[in-house]
Amino acid sequence: MSGPDISVVICVYTEDRWEDILAAVSSVRGQSRPALETLLVVDHNPALLARLSGEFEETGGVRVLANAGPRGLSAGRNTGIAASHGAVVAFLDDDAVAERDWLRRFAEAYTDPRVMAVGGRTEPIWASGRRPAWFPEEFDWVVGCTYRGLPPGRVRVRNVLGGNASFRRTAFEAAGGFATGIGRDGDRRPLGCEETELCIRLSRARPEAILLIDDRAVIHHRVPRAREHFRYFRARTYAEGLSKALVARSVGAGKGLESERRYTARVLPAGVARGVRDAVLARPGGAGRAGAIVAGVLTAAGGYVVGSVNARRGGAAFAVARIEGGGRAR
């Protein structure tokens with residue numbers, strides 16, 4: 001089979017997602033292009049580690065291991081990278097399922113040796129059965145999904161989105177692993193952007209690198225009811241502002257906010273206009289979507305200002321894992 005071997009890393013942290021975890025693993029097993037291995041990295045939860053180890057102890061191709069670093073998604077991913085053997089490492093959220101050709105689409109892109117990272121399209125599965133009328137597609141990143149404004153097809157991007165992404169192993173050897181201190185770390189605040197920071201570092205370390213999103217590499221991501229409410233929307237957009245401030249501190253505001261400026265200047269005004277038009281035409285949710293876009297921008301901007309001030313006062317504490325060719329993280 002052409003293309004590189006691909007290891008799949010799924011980071012897990014709670015037994016509340018037990019059925020989701022099993023579904024994620026099953027979707028990897030059902031790929032048209034088999035994974036070399038699946039690694040379940042458990043984030044400082046001994047009970048879940050023991051339960052998963054028992055579930056998969058006699059299952060070939062699935063390994064269960066503990067996060068070897070500090071609590072959080074970045075350290076969990078770095079643990080998976082270091083323990084994996086594939087020439088490419090793919091990441092799947094623990095509450096998502098991949099379509100059958102997910103890995104095949106990734107592998108096709110890596111036939112070009114310049115390609116260092118490939119992401120895919122993430123579709124929401126709303127717990128209530130349908131998208132809330134007020135929830136704008138332009139903000140689907142709030143729930144970890146592909147948002148309106150990303151170009152269709154297989155296209156070059158500044159960064160891939162972490163829950164549906166893959167990297168060539170040499171990308172980590174060139175740029176290091178995911179930085180701890182930016183993304184989710186077990187705290188209640190829904191931070192993010194660790195993959196953005198890594199992709200910018202990678203492009204600096206390897207200026208010739210190509211990073212792609214192929215919208216045929218599809219996963220379906222579960223959105224729990226708690227994340228369908230405006231309260232979560234507001235908290236997540238504020239946290240995104242905080243995270244973007246840390247990214248800008250790490251890699252500079254030029255690259256750190258390059259895509260966000262285009263998104264804010266072009267995509268969001270068009271979304272507001274659609275919402276207002278729908279409201280005038282008495283279509284459900286139009287006014288709510290327009291208002292949510294404005295609120296999301298203002299809340300994210302507030303988070304960015306607070307995050308920038310905090311970073312200047314206390315400094316940003318980052319730790320970037322060094323990933324060696326032999327599969328070690330330092």
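Checking the stretch 263-283 against the condition returns no match, with no residue being charged (D, E, K, R) and under 16 Å from the mean Cα position of the chain (by Cα). Set side by side, the residues 135, 139 differ, and just one is in contact with a Phe, Trp or Tyr (Cβ under 8 Å, 6 or more places away or on another chain) and in a loop (DSSP other than H, G, I, E, B), which is 135. For the stretch 4-30, the candidate set comprises residues that are charged (D, E, K, R) and either without any contact (Cβ under 8 Å) to a residue 40 or more places away in the chain or not in a helix (DSSP H, G or I) (or both); within that set, the residue that is farthest from residue 41 (Cα to Cα) is 5. Any chance the stretch 201-210 includes a residue that's among the hydrophobic types (A, V, I, L, M, F, W, C) and over 23 Å from residue 151 (Cα atoms)? Scanning the stretch 201-210, I find at least one residue that is among the hydrophobic types (A, V, I, L, M, F, W, C) and over 23 Å from residue 151 (Cα atoms), so the answer is yes. Scanning the stretch 201-249 for residues that are among the polar types (S, T, N, Q) and over 30 Å from residue 111 (Cα atoms) returns 237, 243. Where helices (runs of 4 or more DSSP H) fall wholly inside the stretch 247-330, the ranges with 2 or more residues that are at pLDDT 90 or above, of a type outside the set (Phe, Trp, Tyr) and surrounded by 15 or more Cβ atoms within 10 Å (Cβ to Cβ) are 268-280, 286-314.
Among the residues making up the stretch 209-251, a single one is closer than 18 Å to residue 294 by Cα and among the β-branched types (Val, Ile, Thr): 237. Figure legend. Inter-residue proximity from the stretch 275-290: first residues of a type in the set (Val, Ile, Thr), second residues not in a loop (DSSP other than H, G, I, E, B), beta-carbon distance below 9 Å, spacing 6+ or different chains. Indicated pairs: 276/286; 276/287; 276/290; 280/286. Listed conditions (1) out of contact with any Asp or Glu (no Cβ under 8 Å at 6 or more places or on another chain); (2) more than 26 Å from residue 7 (Cβ to Cβ); (3) modelled with pLDDT under 95 are all met by residue 149, apart from (1). Of all residues in the stretch 42-60, those being over 14 Å from residue 71 (Cα atoms) and in contact with a Phe, Trp or Tyr (Cβ under 8 Å, 6 or more places away or on another chain) number 2.
Put simply, of 175, 209, 165 the only residue that is crowded, with 21+ Cβ neighbours inside 10 Å, at pLDDT 90 or above and either farther than 25 Å from residue 264 by Cβ or among the charged types (D, E, K, R) (or both) is 175. Scanning the stretch 80-98 turns up no residue that is touching a residue at least 12 places away in the same chain (Cβ under 8 Å), part of a helix (DSSP H, G or I), touching a Ser or Thr at 6+ places or on another chain (Cβ under 7 Å) and crowded, with 20+ Cβ neighbours inside 10 Å.
The one condition from (1) over 26 Å from residue 125 (Cα atoms); (2) surrounded by fewer than 19 Cβ atoms within 10 Å (Cβ to Cβ) that residue 34 does not meet is (1).
The values are calculated or read from the model by the stated rules, or taken from the named source; none is laboratory data. The structure displayed is predicted, hence computed values, not measured ones. All Cβ positions, glycine included, derive from the backbone under ideal geometry; neighbour counts span all protein chains shown.
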